[in-house]
1. For the range 25-43, how many residues meet the condition of being among the β-branched types (Val, Ile, Thr) and not in a loop (DSSP other than H, G, I, E, B)?
2. Give me the pairs, please: first residue somewhere in the range 50-69 and at negative phi, second residue anywhere and polar (S, T, N, Q) and surrounded by 11 or more Cβ atoms within 10 Å (Cβ to Cβ), beta-carbon distance under 8 Å, and either six or more positions apart or on two chains.
3. Just for the range 56-70: of the residues that are loosely packed, with under 13 Cβ neighbours inside 10 Å and either in contact with an Asp or Glu (Cβ under 9 Å, 6 or more places away or on another chain) or of a type in the set (D, E, K, R) (or both), which one is farthest from GLN43 (Cα to Cα)?
4. GLY46 is checked against (1) part of a helix (DSSP H, G or I); (2) exposed (fewer than 10 other Cβ atoms within 10 Å of the Cβ); (3) of a type in the set (Gly, Ala, Ser) and fails just one. What number does that condition carry?
5. For the range 72-85, does any single residue satisfy the condition of being touching a helix residue (DSSP H, G or I) at 6+ places or on another chain (Cβ under 6 Å), free of Cβ contacts under 8 Å to residues at least 60 places away in the same chain and assigned to a helix (DSSP H, G or I)?
6. Return yes or no: is ARG47 more than 30 Å from THR36 (Cα to Cα) and either among the basic types (Lys, Arg) or at pLDDT 90 or above (or both)?
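The values are calculated or read from the model by the stated rules, or taken from the named source; none is laboratory data. As the structure is a computational prediction, the values presented were derived from the model and not from experiment. Note that we place each Cβ from the backbone using ideal geometry, even for glycine, and neighbour counts take in every protein chain shown.
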Amino acid sequence: MAHALRKEDQFEAVATERPVRKDDRFDLRATHQQATLIRRAAQTAGRKYTDFILDSAIERATNVLADQKLFMLDQKGWSRFTAALEAPAAPVDALVELFKDSEL
């Protein structure tokens with residue numbers, strides 16, 4: 001049985017995966033200001049410069065791809081899907097209590 005991963009879990013699985021051999025290579029150019037910013041951020045995060053860049057790119061790619069989904073439904077499935085989207089959300093007790101506070 002397949003289980004869906006949250007975006008954060010998907011990124012973590014990709015970002016922490018360390019293959020024995022890295023065959024692919026990225027060459028890129030940056031301005032001095034861009035390179036300085038990235039180096040400072042990597043240092044602050046306690047990461048190597050290249051690891052910081054790669055992990056940041058992986059996180060961004062994962063987020064972009066997570067937002068791109070293809071839905072293939074028959075007419076009955078589409079009707080159920082759109083009805084679920086259009087239905088009012090069920091109240092969440094904790095939020096109802098929170099918004100009862102007059103200071104909000």
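1. Residues that pass the stated criteria total 2.
2. Note: pairs meeting the criteria are THR62/GLN10; ALA66/GLN10.
3. LYS69
4. Every listed condition holds for GLY46 apart from (1).
5. No, the range 72-85 contains no residue that is touching a helix residue (DSSP H, G or I) at 6+ places or on another chain (Cβ under 6 Å), free of Cβ contacts under 8 Å to residues at least 60 places away in the same chain and assigned to a helix (DSSP H, G or I).
6. On the way: more than 30 Å from THR36 (Cα to Cα): no; either among the basic types (Lys, Arg) or at pLDDT 90 or above (or both): yes.
No; evaluated as a whole, the condition is false for this residue.
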